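Novice: Structure incoming, see below.
The values are calculated or read from the model by the stated rules, or taken from the named source; none is laboratory data. In this text, all values refer to a predicted model and were calculated from it rather than measured experimentally. Cβ coordinates were reconstructed from backbone atoms using ideal geometry, including for glycine residues, and neighbour counts include every protein chain displayed.
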Amino acid sequence: MRKTDPTRFVARLRVTPGYEHAVPAPPSAEVLVVGYRACFATAPDAGTAIACFEDTVPVATIVGAGTPMALISVERATQRLRIRSEGGTEVSWEENYFPAFGDSGTQWLLLPVDPSPQGGFVIARGAWSASGYQAVLTCSTLIQAPFAPPVVSVHNADPHTGERRW
């Protein structure tokens, strides 16, 4: 079995610019990006499996390897329904069709994950919102997800209580 270097997927945390006085300094806990999931229209539900990065599954189970999180891309779009004059309908998805009524484009974020009984990881239970922190992704993570931006928001706060997962 090949030895792995868990630090190649460990993201450095920082406070989101503009939130310096609203949230404390980032916790010393490390964030281990264990995989990736692409979604369309909405963020994935709890229990959704993610595609694990090479060698992260055994590493993430090691105590102290870092809090496992998944890199998520959500391609947001507006559903457009056209009714044809000759009958029938046509459905399409368009970016920026009604920009005043919601997000469009691709959003990138990190979501907490839990180990899956079948192996690998699934999106953790709960509703997650931005915590006021960002993660600076490593080159190894960006190689695995080449279209990801180098900095993404960390969604590990409960929107109802404000408590963070770690």
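Novice: Write out, first by first residue and then by second, each pair whose Cβ atoms fall under 7 Å of each other, whose residues are 6+ apart or on separate chains, and whose first residue, in the range 106-134, is outside any strand (DSSP E or B) while the second is among the polar types (S, T, N, Q) and surrounded by 15 or more Cβ atoms within 10 Å (Cβ to Cβ).
Specialist: Once the first residue is outside any strand (DSSP E or B) and sits in the range 106-134, its partners that are among the polar types (S, T, N, Q) and surrounded by 15 or more Cβ atoms within 10 Å (Cβ to Cβ) give Trp128/Asn156.
Novice: Same structure again: Could you tell me which residue of the range 13-71 is modelled with the lowest pLDDT, considering only residues that are in a loop (DSSP other than H, G, I, E, B) and under 18 Å from Leu142 (Cβ atoms)?
Specialist: Among residues in the range 13-71 that are in a loop (DSSP other than H, G, I, E, B) and under 18 Å from Leu142 (Cβ atoms), the one modelled with the lowest pLDDT is Asp55.
Novice: Now for a different question. For residues in the range 72-96 being assigned to a loop (DSSP other than H, G, I, E, B) and not acidic (Asp, Glu), which is modelled with the lowest pLDDT?
Specialist: The residue in question is Asn96.
Novice: While we're looking at this one, here's another question. Could you grab the pairs with beta carbons closer than 6 Å, sequence gap of 6+ or different chains, first residue in the range 142-163 and assigned to a loop (DSSP other than H, G, I, E, B), second one small (Gly, Ala, Ser)?
Specialist: Pro159/Ala127; Pro159/Ser129
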